[in-house]
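Only one structure is covered here, and it is reproduced in the block below.
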Amino acid sequence: MTEETTDARLIRDLLENWAVWRDAGDWGRFRSVWHDDGRMMATWFQGSADEFIKVSREGFERGVSILHFLGGTSIDLSGSRAIAQTKMTISQRAIVDGVDCDVVCTGRFYDFLEKRDGRWGLVLRQPIYEKDRLDPVHPSEVPALDRVRLESFPIGYRHLAYLQVGLGFKVKPDMPGLTGPRVEDLYRRGKAWLAGEPLEVAPQAA
């Protein structure tokens, strides 16, 4: 195999391990997919990989139910750097307005990766939120959602945000979706990363 083929396989393994180890609560191995300066962006959390692991573990032990399922992956390689996009769903179960519900959000993980000392690791994971839906676990029970509050969240993750705010999380209001300036800026930052430029910080909501 060529070096590029080997690197692509190693990156795919890393991305698959992220989902399996995180959802299984295998925190020691989960840490191994990140570089020391790795950062995670999510609706409910933005910060270092170490802090993300800490709060994820605390939530896991409290029974917070957030699961991930992966689809196809596209990888752009440039020497020791890579950008990977992986189709995914995020599934979270919680009580919403008194009713046990599942929210499923469809999107992509957009990952900035680097090979350091022979090891690939995540430098930044930025999800792209494309669409979501909310379903009661028991079809006979329907939550009476606050329509005004629901529609105040971005369309790509409004049901997920509604659920998470109900659990007490502060949800970031400007995550990238399927189209628009936020995702276009993310693509621009990805191209700059592959060109060897420093990782840029995403612009904040006005």
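What follows draws every value from the coordinates through simple rules; no lab data is involved. Quick caveat, the model's predicted, so the values are computed rather than measured. Neighbour counts are summed over all protein chains in view; Cβ atoms, including those assigned to glycine, are modelled from backbone coordinates with ideal geometry.
One table, with the values for the structure above:
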| item | result |
| --- | --- |
| Extension gain (nm, one decimal) between Ser80 and Lys170, 0.36 nm per residue minus Cα-Cα | 28.9 nm |
| Calculated FRET value between Glu151 and Arg12, using beta carbons and R₀ = 35 Å, to 0.05 | 0.40 |
| Charge dipole (debye, nearest 20) of the stretch 10-101; +1 at Cβ of Lys and Arg, -1 at Cβ of Asp and Glu | 140 debye |
| Cβ charges +1 (Lys, Arg) and -1 (Asp, Glu), total dipole of the chain, debye | 140 debye |
| Contour excess over end-to-end distance, with Cα ends at Val20 and Arg62 and 0.36 nm allotted per residue | 13.2 nm |
| Mean separation of Cα contacts under 8 Å, 6 or more apart, over the residue count of the chain: relative contact order % | 18 percent |
| Nonlocal Lys pairs with alpha-carbon distance under 27 Å, the chain (8 or more apart, or different chains) | 14 |
| Option label - mean projected area of the Cα convex hull in nm² computed here, alternatives (1) 15.4; (2) 12.1; (3) 9.9 | (2) |
| Cα-projected label distance for Gln46 with Glu184, points at 7 Å along beta-carbon direction, nm | 2.0 nm |
| Counted charge near Glu197, where neighbours are those whose Cβ lies closer than 11 Å (Asp, Glu -1; Lys, Arg +1) | +3 |
| The chain - mean residue ellipticity at 222 nm from DSSP helices (-39,500 (n - 2.57) per run, n ≥ 4, rounded to 500) | -10000 deg cm²/dmol |
| Sorted by Cβ density within 10 Å, fewest first, the residues Ile66, Ile11, Ile155 | Ile155, Ile66, Ile11 |
| Modelled FRET efficiency - R0 30 Å, Val137 with Arg31, Cβ distances, 0.05 increments | 0.40 |
